[in-house]
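Chemist: A single structure is presented below for examination.
What follows draws every value from the coordinates through simple rules; no lab data is involved. Remember, predicted model here, so these are calculated numbers, not experimental data. Virtual Cβ from ideal backbone geometry, glycine too; neighbours counted across all protein chains shown.
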Amino acid sequence: MLEQKISLSSIPFCRPFVVGKELEYIRQTIENMHLSGDGSFTKKCHALLEQTLGVQKALLTTSCTDALEMAALLLDIQPGDEVIVPSFTFVSTINSFVLRGAHPIFIDIRPDTLNLDETQLEKLITPRTKAIIPVHYAGVGCEMEAILKIAQRHGVAVIEDNAHGLFAKYDGKYLGTFGCLAVQSFHDTKNFICGEGGALLINDPQYIERAEIIREKGTNRSRFFRGLVDKYTWVDVGSSYLSSDMLAAFLYAQLEAREQIQSKRRQVWEYYYKHLQDWAQEHGIRLPIVPAHCEQAYHMFYLLMPSLEERQALISHLKAEGISSAFHYLPLHISQMGRGFGGKERDCMVTEDISDRLLRLPFYNDLTEIDQERVVASIKEFHSFSSVNLDYIPKAHVVR
């Protein structure tokens, strides 16, 4: 009976959300008989992002990873170049540069926002440093003013990994508009989705023409379609990074409804904060911190538990209640690949501590207040226990 109850009333960790016009727009792409990249909906997405954010150029890609690979090509990353990246991020952030031969230099994170710790940045820069990649964790902006000053002083490029933070702001300016390049994700775990998708945002116009060539398999095909050349040919390295116009049609419906989507996500985030803040303070648990000069994207809501054991116990408790929750990134500097790059020698103690204790709660666009009430009640029930029963933790769930 318990198993049947859970299956009927389970609350997933994440769920894709359809606004309403996705199928209508996909049908239009079929009627237009332009299903491949750079069709009418791709161009609409480009225009919306460029005009709303104020970027020089936006280019849809098949994934955020592809956008990062394009960035590595645009910066002409060579074997031995160094790229500074937070250890607390998804592997794609650095993999795209390692593929070009770059050596990752892992940096620790701030204990408040969980973003790159800018106070440790300058000491990591060497003559081989080619790029700094700040990751706007949970859609809360990194300290871009300080990061840019350091980067400019040393002549180092800044590429923003803004997979979590579309339409969020730092000091009143949109994330993704600070570095020479930035990347976005439209994976179905993000605020705005098309299943799989991404975008490269270009703020420095010197990269625009070559970005179009790289994205079109190394050809000047984009110039041909604009009538600037009478035929197109192979002129540079590149790959097929274009997103299907069917995916762009789905995405455009989402971007059109950005205010509706963000309003709902804000309600979800604020419900958790309002109903958990007293409980969290009482039990020594930390909720997300959003500095006053940051306007967040409401991408996720997390708890920082007192210990790994309590984090794992709460995950198991919620699972028994039919509620899915999750930890997040494992530190890259002590991963198998990271150790091979000398990451074990890096002092990223905040990253290791946060990774052990962070727990993400269910968060998606159509999460109902009734379900949130149930999540909050289950959390409070867990910590009504006088102490954590460590025998309750399934050993297979304890991950280091």
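Chemist: Can you tell me what the convex hull of the Cα atoms of the stretch 53-186 projects to on average, as an area in nm²?
Modeler: Working: hull surface 29.3 nm².
Projected area, direction-averaged: 7.3 nm².
Chemist: Extending each Cα 7 Å along its Cβ direction at residue 320 and residue 56, get the distance between those two points in nm, one decimal.
Modeler: Going by the 7 Å Cα→Cβ label model, 5.7 nm.
Chemist: Would you list 233, 52 from fewest to most Cβ contacts within 10 Å? Write out the running numbers ahead of the final one.
Modeler: Values: 233 10, 52 14.
Going from least to most buried by this count: 233, 52.
Chemist: Any idea which of 136, 243, 191 is furthest toward the positive side of the dipole for the chain, if Lys and Arg beta-carbons carry +1 and Asp and Glu beta-carbons -1?
Modeler: 243
Chemist: Something else now. Stretched out fully, how many nm does the piece from residue 152 to residue 270 gain, at 0.36 nm a residue minus the Cα gap? Please report the intermediate quantities before stating the final value.
Modeler: Numbers: separation 118, 0.36 × 118 = 42.48 nm, distance 3.70 nm.
My answer for the length gained is 38.8 nm.
Chemist: Another one. State the extension gain, in nm to one decimal, for the chain segment bounded by residue 31 and residue 258, taking 0.36 nm per residue of separation less the distance between their alpha-carbons.
Modeler: Numbers: separation 227, 0.36 × 227 = 81.72 nm, distance 2.58 nm.
Contour length minus Cα-Cα distance gives 79.1 nm.
Chemist: Using alpha-carbon pairs under 8 Å, 6+ residues apart, how would you state the relative contact order of the stretch 241-334 in percent?
Modeler: Numbers: 37 pairs, mean separation 17.9, N = 94.
The normalised contact order for the stretch 241-334 reaches 19 percent.
Chemist: Assuming R0 = 22 Å, what is the FRET efficiency of residue 237 and residue 204, from their Cβ-Cβ distance, to the nearest 0.05?
Modeler: Numbers: r = 19 Å, r/R0 = 0.89.
The calculated FRET efficiency here is 0.65.
Chemist: Just want to confirm a number: the relative contact order over the stretch 22-256, from Cα pairs under 8 angstrom separated by 6+ residues, in percent. Kindly include the intermediate steps, with their values, before the conclusion.
Modeler: Values: 501 pairs, mean separation 61.9, N = 235.
Reported relative contact order: 26 percent.
Chemist: Mind ordering 110-120, 10-20, 85-95 by average Cβ neighbours within 10 Å, highest first?
Modeler: On the way: 110-120: 19.5, 10-20: 15.5, 85-95: 23.0.
So the order, starting with the most tightly packed, is 85-95, 110-120, 10-20.
Chemist: For the chain, what is the Kirkwood estimate of the hydrodynamic radius, computed as the reciprocal of the mean inverse distance between distinct Cα atoms, to one decimal in Å?
Modeler: Values: mean 1/r = 0.0449 Å⁻¹.
The answer is 22.3 Å.
Chemist: Ok, one more. Counting alpha carbon pairs within less than 8 Å and at least 6 residues apart, what relative contact order, in whole percent, applies to the chain? All intermediate terms of the calculation are to be shown ahead of the outcome.
Modeler: Working: 791 pairs, mean separation 87.5, N = 400.
Result for the chain is 22 percent.
Chemist: Please compute the volume of the convex hull spanned by the alpha-carbon atoms of the stretch 258-397 and report it per residue in Å³. Intermediate values should be presented prior to the final figure.
Modeler: Working: hull volume 20.8 nm³, N = 140.
Enclosed volume per residue, from the Cα hull, is 149 Å³.
Chemist: Additional query: Using the charge dipole of the stretch 258-397 (Lys, Arg: +1 at Cβ; Asp, Glu: -1 at Cβ; taken about the Cα centre), state which of 372, 317, 354 has its Cα farthest towards the positive end.
Modeler: My answer, from the dipole projection, is 354.
Chemist: Tell me what the chain gives for mean residue ellipticity at 222 nm when only DSSP H runs of n ≥ 4 count, each as -39,500 (n - 2.57), the sum divided by the residue total, rounded to 500 deg cm²/dmol.
Modeler: Details: 14 runs with 153 residues, N = 400.
Counting only the DSSP helices, I get -11500 deg cm²/dmol.
Chemist: Place the peptides 38-46, 75-83 in order of packing, highest mean first, counting for every residue the other Cβ atoms within 10 Å and averaging per peptide. Intermediate values should be presented prior to the final figure.
Modeler: Values: 38-46: 20.8, 75-83: 16.4.
Answer by packing, highest mean first, reads 38-46, 75-83.
Chemist: Calculate, in nm to one decimal, what residue 145 and residue 23 gain on full extension: separation in residues at 0.36 nm each, minus their alpha carbon distance. It would help to have the intermediate numbers written out before the result.
Modeler: Working: separation 122, 0.36 × 122 = 43.92 nm, distance 4.15 nm.
Length gained, residue 145 through residue 23: 39.8 nm.
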